[in-house]
1. Condition first: basic (Lys, Arg) and without any contact (Cβ under 8 Å) to a residue 12 or more places away in the chain. Now tell me which residues in the stretch 1-40 satisfy that.
2. If we only count strands (runs of 3 or more DSSP E) wholly inside the chain, which ones have 1 or more residues that are surrounded by 11 or more Cβ atoms within 10 Å (Cβ to Cβ) and of a type in the set (S, T, N, Q)?
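Derivation of every value follows stated rules applied to the coordinates shown; laboratory data play no part. Since the model is a prediction, treat every value here as computed from it, not as a measurement. Note that each Cβ is placed from the backbone with ideal geometry, even for glycine, and that neighbours are counted across all protein chains shown.
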Amino acid sequence: MMVREWILLNESHLESRLHMSTLTHRMLLHTHIIYEKVYPR
């Protein structure tokens, strides 16, 4: 199972988190990225 979350941190930053689980592993944070707004400022 995979769950992706998108969270708006403020007007110029967006956070993405990917959680994954398998038959042998519980739900764990796999990837965590913070995007910064580039254009338009």
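1. 26
2. In the chain, 13-20 are the strands (runs of 3 or more DSSP E) which contain 1 or more residues that are surrounded by 11 or more Cβ atoms within 10 Å (Cβ to Cβ) and of a type in the set (S, T, N, Q).
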